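Written below as structure tokens is the structure these notes are about.
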Amino acid sequence: MEKGIQQSLLSYLAKIEAVLFAYADPMPIVKLSELLGITASACRQQLEEMSEINNDKNRGLMLVFLDDCVQLVSKQEFSSIIKSSIEQKHQSKLTPVSMEVLAIIAYNQPVTKGFIEQVRGTNSNNIVNSLLEKGLIEEAGRMDIPGKPISYKTTKVFLRSFGLKDLSQLPPLEEDEQMITTQEVFSEHGGDS
């Protein structure tokens, strides 16, 4: 194979792998071909080449074709080690700062990142993202305030992790520990609610 053609092929394979890895879900082949700027048949040819490469026993990923879609997945023989790694990630201990953010969300939900940062007085983006990854919180929709920010609430994983049947079982806050409300935060800053 000519060196230029081989590099072009590797470039497409790398792009396909990167896109499918980031997309995570089954992607329509037509959509993938549009992203790559090639025809659907050329895209299928690239996918078949990639599938052959991934069939190597030293590779951990493979392509799965589902109707007119394709997905990059881990090979079945690695399922137990992947499951263990995911369980470790979800069971890792929460830092005191993570517990603080989780408490703010649990007692005031649904809340926005802006609300959490107002209560804490510092950026909480990484902590919120970490709690999302652990499955302890989830998006609860958009707030009906300017900018329509995403709001967050706790999940069933949160309840199970803390041995609660529902949120009414959260320990009551002392009067001097009462949290400010979303309404108070936005009215302080002139926002409409």
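The values are calculated or read from the model by the stated rules, or taken from the named source; none is laboratory data. In this text, all values refer to a predicted model and were calculated from it rather than measured experimentally. Glycine gets a Cβ as well: all are built from the backbone with ideal geometry, and neighbour counts include every protein chain shown. These area figures cover heavy atoms from the full protein model, side chains too; ligands, DNA and RNA do not enter into them. Shrake-Rupley method; radii C 1.70, N 1.55, O 1.52, S 1.80 Å.
For the residues R120, R44, R142, a 1.4 Å probe over the protein chains yields an accessible-area ranking, largest first, of R142, R44, R120.
Just to verify a number: FRET efficiency for Q109 and A24, C-beta to C-beta distance, R0 = 35 Å, to 0.05?
Details: r = 27 Å, r/R0 = 0.77.
That gives a FRET efficiency of 0.85.
With the whole protein complex present, V157 retains an accessible surface near 50 Å², based on a 1.4 Å probe. For K156, the lysines whose Cα falls under 19 Å of its own Cα, not counting residues fewer than eight places away in the same chain, are K89, K93, K134, K165.
Report the extension gain between T122 and E52 in nm, rounded to one decimal, defined as 0.36 nm multiplied by the number of residues separating them, less their alpha carbon distance. Before the final figure, lay out the partial values.
Details: separation 70, 0.36 × 70 = 25.20 nm, distance 4.96 nm.
My answer for the length gained is 20.2 nm.
Approximating the spin labels as points 7 Å out from Cα along Cα→Cβ, the A42-to-D144 distance works out to 5.0 nm.
Quick one: length gained pulling A14 to D166 fully straight, 0.36 nm per residue minus the C-alpha distance?
Details: separation 152, 0.36 × 152 = 54.72 nm, distance 4.64 nm.
Extra length from A14 to D166 when fully extended: 50.1 nm.
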